[in-house]
Amino acid sequence: MTETVRTRFAPSPTGFPHVGNIRTALFAWLFARHHKGSFVVRIEDTDVARTVTGAVEAILEGLRWLNLDWDEGPETEGKYGPYFQSQRLALYKEAAERLVAQGNAYYCYCSPERLEAMRAEQARRKQPPGYDRMCRRLTADECARKNSEGLTPVVRFKTPLEGKTAYHDVIWGDVSFENNTIDDFVLLKSDGYPTYHLANVVDDHAMEITHVIRAEEWISSTPRHLMLYRALGYAPPQFAHLPMILGPDRVKLSKRHGAVSLIEYRDQGYLPEAMFNFLTLLGWSLDDKTEIMTREQIIQNFSLERISKTAAVFNLEKLNWMNGSYIRSLSADEFMRRAMPFLEKGLPPEIKRPLDSDYVHRMMPLAQERARTLVEVPGLVDFFFVSELQYEPVLLIDKKMTREASLQALEAAHQKLSALPSFENDSLEGVLRPLAEELGLKAGQLFGTLRVAVTGRTVAPPLFQTMVVIGRGLCMERIGIAIEKLRRLAG
RNA sequence: GGCGCAUUCGUCUAGCGGUUUAGGACGCCGCCCUCUCAAGGCGGAGAUCACCGGUUCGAAUCCGGUAUGCGCUACCA
């Protein structure tokens, strides 16, 4: 390949980006980076009615979160700008008029009502829907008269009535369509905005895009685009259609699948590098075993040839696993830095802020080993902060133990621990294990009772480490409270 | 209805005519480690490669048909 690769991500701001959209961006970005080419972001805001405020910001935010930097696009200079189609209207108008002048397109004055009635009739007769080409034969005079009546036309493309249009898709191979199955589609709408088809072709050419990497649902539109390239006298780029991403119900991922907005994953405590890695594996693979890869490794090995053709179901369970794996691979400091906002936000409001950074620092490794997402962190460590533990006293009585035995165990532990010269992992173990034996208990029974006394729960990080972090003072206090609870518990 | 594409364990996938009794991962189950959990280690169940024909000495891999699914079929992208 001698020319410099230029790919683009061309979202329409009609909604917040979901993982499917962003996977498309990711692959286009990867291909550009692999070939040391350029990645362009172009906002296709040609549907005024469906434009959602804040969508552009959300799209850019999503790209930034995954660290998919663009060489040209919004907020970035570039010699092919502007990068909002709403600011390039003259270009499309010019192209449309040129096509009309060349005899490749024509003005259509059909009202929405007529088109709707036409489609209803076609449906009734079980005929394929499509524009009936009524205005195709309008003369210049007739057009002028309609114009003088105040009608604003759309511009439609004169699709060849016969023959076929074929192309070679980088991913799907040879694809071909009969021209007579394609109707005279609209190029320019009556509001002066272009349709996707026109704007896309004009811009991909103007911006010298070499590889159009987009979702599979565009395959059937590609012949239209090819016809336009030809009519406009442009050399078409390479097309690579990506397999779709499906929801659990095997239908194309969309808003109704719940938490599919990319930014929601960030807010749920997923790491961008985990999401990056995971999304990469949806439709692409390096080999038969490698799954966890660095971004550099992926860039270096990425290729369109290894993209599969089958749609992929988004598997949240696997993302969770991968995210946990990435969390555990973080350095302790980095984990703390990332988890802190979630901790500040997720801990009960009555806990005073700011949190004691030193205290947090000591408990974080305990959470890092267990969290699959950052949002789980507060729930993993909240007992370190809570001033009064809430739990059922019966939990203090471990399996195969009586209330008396538990009470005795707690009292003995309280005494031993307060006499301990140092409150460290080894010293705790050194006194607690023998104590279990003295009491005729299994270590697990004693530790279980102590765990509930100290953390208020039966499942928590290892007891000694937890106690060391909590500190002797609080531990003694909590064990004291546990003893009280047991005493009050009717025997 | 028309057109297009796809079809390997529940899910993500490897496989591009013989090396496959189809490999890996998630999830699931069991064991080990172990104070609970998590992590980690080991092992297991799980796919007659949608189906039916054909080509070939030999097919998950090539060809045809059927079924199913999905996409497109807007003055939406």
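The values are calculated or read from the model by the stated rules, or taken from the named source; none is laboratory data. Note that the structure is a prediction, hence the values are computed from the model and not measured. Note that each Cβ is placed from the backbone with ideal geometry, even for glycine, and that neighbours are counted across all protein chains shown. Note: accessible area is taken over every heavy atom of the protein model, side chains too, but ligands, DNA and RNA are not part of it. Shrake-Rupley method; radii C 1.70, N 1.55, O 1.52, S 1.80 Å.
Within region A:61-94, work out how many residues are hydroxyl-bearing (S, T, Y), farther than 17 Å from A:P17 by Cβ and in a loop (DSSP other than H, G, I, E, B). Residues flagged as hydroxyl-bearing (S, T, Y), farther than 17 Å from A:P17 by Cβ and in a loop (DSSP other than H, G, I, E, B) within region A:61-94 amount to 1.
In the set (1) touching a Ser or Thr at 6+ places or on another chain (Cβ under 9 Å); (2) in contact (Cβ under 8 Å) with a residue 60 or more places away in the chain; (3) of a type in the set (A, V, I, L, M), A:A166 fails one condition alone, (2). Report yes if A:F157 is within 13 Å of RNA strand B (Cβ to nearest atom), under 30 Å from A:F239 (Cβ atoms) and touching a Leu at 6+ places or on another chain (Cβ under 6 Å), otherwise no. Yes.
For region A:9-30, the set of residues classified as farther than 19 Å from A:A274 by Cα and open to solvent by 10 Å² or more (accessible area, probe 1.4 Å) consists of A:F9, A:A10, A:P11, A:S12, A:T14, A:G15, A:F16, listed by residue number. Would you please name the residue that is farthest from A:I298 (Cα to Cα), looking only at residues in region A:68-108 that are away from RNA strand B (no atom under 13 Å from the Cβ), open to solvent by 50 Å² or more (accessible area, probe 1.4 Å) and over 32 Å from the mean Cα position of the chain (by Cα)? So, considering only residues that are away from RNA strand B (no atom under 13 Å from the Cβ), open to solvent by 50 Å² or more (accessible area, probe 1.4 Å) and over 32 Å from the mean Cα position of the chain (by Cα), the one farthest from A:I298 (Cα to Cα) is A:A101.
Those helices (runs of 4 or more DSSP H) of region A:340-426 in which at least 3 residues are within 17 Å of A:F447 (Cα to Cα) and at pLDDT 95 or above, considering only elements entirely within it, cover A:403-418.
Of all residues in region A:312-325, those satisfying the criterion of being in a helix (DSSP H, G or I) and under 20 Å from A:V260 (Cβ atoms) are A:L316, A:E317, A:K318, A:L319, A:N320, A:W321, A:M322, A:N323. Mind listing just one residue for me: the one in region A:225-240 that is more than 15 Å from RNA strand B (Cβ to nearest atom) and over 17 Å from A:Q102 (Cα atoms) and, of those, least open to solvent (accessible area, probe 1.4 Å)? Here the answer is A:P237. Kindly evaluate A:A95 against the criterion of being in contact with a helix residue (DSSP H, G or I) (Cβ under 7 Å, 6 or more places away or on another chain), small (G, A, S) and under 18 Å from A:D203 (Cα atoms). Judged against the criteria, A:A95 is a match.
Where helices (runs of 4 or more DSSP H) sit wholly within region A:109-224, those with at least 3 residues that are open to solvent by less than 20 Å² (accessible area, probe 1.4 Å) and modelled with pLDDT of 90 or more occupy A:196-206. For region A:311-355, taking the residues that are open to solvent by 100 Å² or more (accessible area, probe 1.4 Å) and within 7 Å of RNA strand B (Cβ to nearest atom), the one that is farthest from A:R214 (Cα to Cα) is identified as A:R328.
Selection of first residues in region A:427-449 that are free of Cβ contacts under 8 Å to residues at least 40 places away in the same chain and open to solvent by less than 30 Å² (accessible area, probe 1.4 Å) and of second residues that are of a type outside the set (A, V, I, L, M, F, W, C) and more than 8 Å from RNA strand B (Cβ to nearest atom), restricted to Cβ pairs under 6 Å at least 6 apart or on distinct chains, gives the following pairs, ordered by first then second residue: A:V431/A:K416; A:L435/A:K416.
One residue stands out in region A:356-401 among those that are hydroxyl-bearing (S, T, Y) and surrounded by fewer than 18 Cβ atoms within 10 Å (Cβ to Cβ): the one that is farthest from A:D267 (Cα to Cα), namely A:Y391. Applying the criterion of being over 13 Å from the mean Cα position of the chain (by Cα) and within 10 Å of RNA strand B (Cβ to nearest atom) to the residues of region A:248-280, the residue that is nearest to A:A339 (Cα to Cα) is A:P248.
Selection of first residues in region A:190-202 that are more than 16 Å from A:E94 (Cβ to Cβ) and of second residues that are assigned to a loop (DSSP other than H, G, I, E, B), restricted to Cβ pairs under 6 Å at least 6 apart or on distinct chains, gives the following pairs, ordered by first then second residue: A:S190/A:T152.
Applying the criterion of at least 2 residues that are touching a Lys or Arg at 6+ places or on another chain (Cβ under 9 Å), within 9 Å of RNA strand B (Cβ to nearest atom) and modelled with pLDDT of 95 or more to the helices (runs of 4 or more DSSP H) found wholly in region A:436-491 leaves A:443-455, A:463-470. In a residue-by-residue description of region A:37-49, the property of being within 12 Å of RNA strand B (Cβ to nearest atom) and open to solvent by 60 Å² or more (accessible area, probe 1.4 Å) applies to at least one position. When residues in region A:309-331 are screened for being small (G, A, S) and under 16 Å from the mean Cα position of the chain (by Cα), 1 of them pass.
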